[in-house]
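Since the structure comes first, as structure tokens, the remarks are kept for the end.
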């Protein structure tokens, strides 16, 4: 808060000279020839300048408050505002005006302050009289302060007596010692750029640069690495996980650069675990973000900006994986407990990612804890999971985790009791093992082995009325594993190298009656990236990634109709096609990208990516550029952003197969545009709006090469309250339309996953005493379907074939809406804690429509509804 | 728990529905066709018989089975509805030749010419142009296989011939082509009553039957050895007599119906093996139909392609609560266009 100062006043006589008309008009005397002395700040009576006139004397001045709007507008200059005041014979200000407005709220602040002034009145011949004069306020930018806590990185324990030094232009301007809780505060800092340095005995010093805005406060959490010459345990990045519930703070993480993408959405640990309706499953939580459609029914799919699920790639620390979810989306293949964060890029992503038209999900696995041995056990009615982690030796740490479903043991009798035609349940498991070596905060190596396996074997004895081939033995076995190595080394403050390599296997083994599909691949993936700061404001990133994947395919399948074309009949109506093939998929890529900061607040990221696909023998050159511009001061930040780029996605392997695919294909292509803005309202509340347009062409259409085309456009809005000590939540709304045209001769149709409106409102609040309550509400346009009517009879198969409306996807299911609630209770004991949660989906039991059922000859139809009210109870213990 | 129940609900939804089962006969239905050669050789003559049933309560108008006097050979992508454009073009050409008095192709069947003229709007009712009867002859062209585009991945080169029929309780007329339907999947024939009103699905079935032709691959129709009812063989001409159901519990009124198909019908599918060198045979299933309530399942798997004979493949006949007579049909299919059927009367006392 700033105070205005009275610095001068004009003598009434001078005033009269300048404004004689006013003096003549005065009803309070001071008429022609009257003289008034200059008012003074001090209470000493003024010396009489004329026998009968005394000047008013200021005797009360509370000062003027520095206006908030000036803070928001980022005004950094000292501003002077002159107010013309009129006082009555009692010395009260009865009128105040600003002849020369300065804006930014200064004028209002000056007027408001001047009306609280009080004077000993001017007198004429000993009688108090009215007077008019000028009063000036000077508004200097108020000081700010830096507060924070200092803690040990590995254990998160506060560090007392650490020295925090603040330098400006290399000169120490302030310093402080941390308290027992590691806290420090450095007040009264004039705005500007500061260098913050922290040192403590037994720890490596760190520093951070801050731009302190006028009147602002910067809250820091600084974590020091132990000096390995005095302490054996290296630091890890598990600090966020280590943060006990209830002590989450707004953490300024130094070293994170602004995103290379137009939009990068990051979900934090608490959000991942506590979003209602997702059962604490991180990757299912993704489905609540803008741009992500609600998948139909039990489909465990990620549908991003109207793209097909296979158009979105999933990475685990940079290594692509083939599956996100276990069967039916019951849970994801990487348990939430192992995740550090999930970065989600709905479009216009960096050149470091390629071979995708949709979005990118990059899952970051957290480092193992290093302070002591930890463990976790969780069980609900679906699966059981275990986790253990801790230090091994100097600089080494580990984590192992596993999960297995056990629904198969109790679901069978339930299914039999309900008379369901299928009386068995899938079995799945996944596993992860991490071994990490950390030499310093700048150099680390991690080895990770992880995988997933889903298996279902069932014998259906009833034949299917619409496709008799869908009966008999059904066997589905899918899975993958990876052995991954990650190495990161910051060679110097300006140079960093990241290496990522993985080998493994993916497999699908599917048999349904007479048809089967068996694929085994052995992908070898790698990525190398060099980041080099070339000059102030210029960083170059150069990298290459590679996918080489030998594979074997053995399949016997009916020919598939092309999109939009009614099938020739049930699966058995055409001679099946068979293939037995060994081959290798080879797809290397090169990319380079520059992070340019020409001015403060401006960021340009031009990049280009070159991909090669051995199966299509084509090179794809994909230039991209992203621009971000901060407007105004550091806080609250306003950013406008835009991006444009070319994106390619090679055909799926089956699309280039000599049997099931076509020869001579090119990559699918998308030209993506997006423009938007982000605005911080408070430290926790922010709003972002982004419009996008994707022009699709060269889309692979069975039987018609790359004749497909389409477009997707829409608007994504996110109002998000980031996690504080009590609450997190957001409102996400997406308005979009996704269209396809399979060939130039076909009509334009809506894409299968088009959803016009997607609204998600969710929040979670900590009530105290270990209780947390959350709710999620979703309102989403219904999914599309193609209406069918009475048509033909296939006498060979004994089934009716519908007449299918043209173009496809012409009708939409009713609006979907659902409310989910979640309650968590945690008990903390001395050495461990116990948690219980109840996650209730569809609390008001809305009968949402998930599909359309027809009778055997398509003369009648009815809606098939999905999820009823469903409680899910889980228990979890950890130490 | 939520996820699991979700799965149950979806599974239940897939199997549920308040619709009548496909096995319940209440309208004009075609239950199957049988070709004397399920897989023909080029140049063969194949006789196809349709099993049509009129299960309407009111049979004032009699049901007739009519065949298009034309066989569609090797349509685009083996799509049955791609034949309609082929037929339309041929009919229009014939009609135009006739109208202009130009000579017709020498082997033009009169019935086809009749349809050609009808396509020009000269007549509405084309019933007379069609071949009536349950049997139809398909002459597989000698070049059926060689004229079919090579299909990469198929076990062997093949040809395809398709015959079309309509079981109708009135007169048959050509239907106008829907110009907005680019897919071409539109009905070419409709069933009309004497007043010219188009009849609905209760009164007609428009269908087709395929005959695949191979140079070397053959297939035999499955064989029905016998049908047993509560473990006893049925004499089809005599049928079975069952008491009406007086219990509220359906399971008290169940009778086991089983169709016996010999192992020899479970033929090996040539060239069909996966990477594990496992061989696959035909899939064989039995479809059940009834005019009197009811069977527990509409169809049961008899032989799985890899597992072989399926244990417990018998069906259940559930006696109705009122007395009456009806018929049960059992059609045995294999997944290579082979079929066999049998039926027996049921007398509910």
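Since every read-out is calculated from the coordinates, none of them should be taken as a lab result. On a predicted model such as this, the values are computed, not experimentally measured, just so you know. Here the Cβ is made from the backbone with ideal geometry for all residues, glycine too, and neighbour counts use every protein chain on show.
Working ranking of peptides B:95-102, A:757-764, B:84-91 by packing, defined as the average number of other Cβ atoms within 10 Å per residue, highest first, is A:757-764, B:84-91, B:95-102. In chain A, the longest principal axis of the Cα atoms and the axis of helix A:407-418 are about 70 degrees apart.
Shielding of peptide A:861-873 by partners, expressed as the average count of other chain Cβ atoms within 10 Å per residue Cβ, is 4. With neighbours defined as other Cβ atoms within 10 Å of a residue's Cβ, the residues B:72, B:245 order from fewest to most as B:245, B:72. When each of the peptides B:227-234, A:444-451, A:812-819 is scored by the mean number of other C-beta atoms lying within 10 Å of its residues, the order from highest to lowest reads A:444-451, A:812-819, B:227-234.
Spin-label model, residue A:404 to residue A:687: label points 7 Å out along the Cα-to-beta-carbon direction sit 5.2 nm apart. Shielding of peptide A:572-581 by partners, expressed as the average count of other chain Cβ atoms within 10 Å per residue Cβ, is 6. Within the protein assembly as shown, the percentage of alpha carbon pairs spaced more than 56 angstrom apart rounds to 37%. The calculated FRET efficiency for the pair residue A:69 and residue A:439, based on their C-beta separation and a Förster distance of 60 Å, comes to about 0.75.
For chain B, the longest principal axis of the C-alpha atoms and the axis of helix B:2-15 are separated by about 60°. Residues B:148, A:477 in ascending order of nearby Cβ atoms (within 10 Å, fewest first): A:477, B:148. What is the helix-to-structure angle for B:82-99, meaning the angle in degrees between its Cα long axis and the longest Cα principal axis of chain B, kept from 0 to 90 and rounded to the nearest 10? Helix B:82-99 sits roughly 30 degrees off the main axis of chain B. Taking the Cβ-Cβ separation of residue B:268 and residue A:590 as r and a Förster radius of 45 Å, what is the calculated FRET efficiency to the nearest 0.05? Taking R0 as 45 Å, the efficiency between residue B:268 and residue A:590 is 0.30. Take every DSSP beta bridge whose two residues both sit in chain B; close to 90 percent of them are antiparallel. For residue A:134 and residue A:831, a Förster radius of 51 Å and the Cβ-Cβ distance give a FRET efficiency of 0.10, rounded to the nearest 0.05. In plain terms, the residue of A:579, A:631 with the fewest other Cβ atoms within 10 Å comes first and the most crowded comes last, giving A:631, A:579. Inter-chain neighbour count for A:508-516: the average number of beta-carbon atoms from partner chains within 10 Å of each residue's beta-carbon is 5. The order of the peptides B:56-63, A:394-401 by mean Cβ neighbours within 10 Å, most packed first, is A:394-401, B:56-63. Rounded to the nearest 5, what % of DSSP beta bridges with both residues in the protein assembly as shown are antiparallel? If I count the DSSP bridges inside the protein assembly as shown, around 95 percent turn out antiparallel. Helical content of chain A, expressed as a calculated mean residue ellipticity at 222 nm, amounts to -1500 deg cm²/dmol (DSSP H runs of 4 or more residues, -39,500 (n - 2.57) each, divided by residue number, nearest 500).
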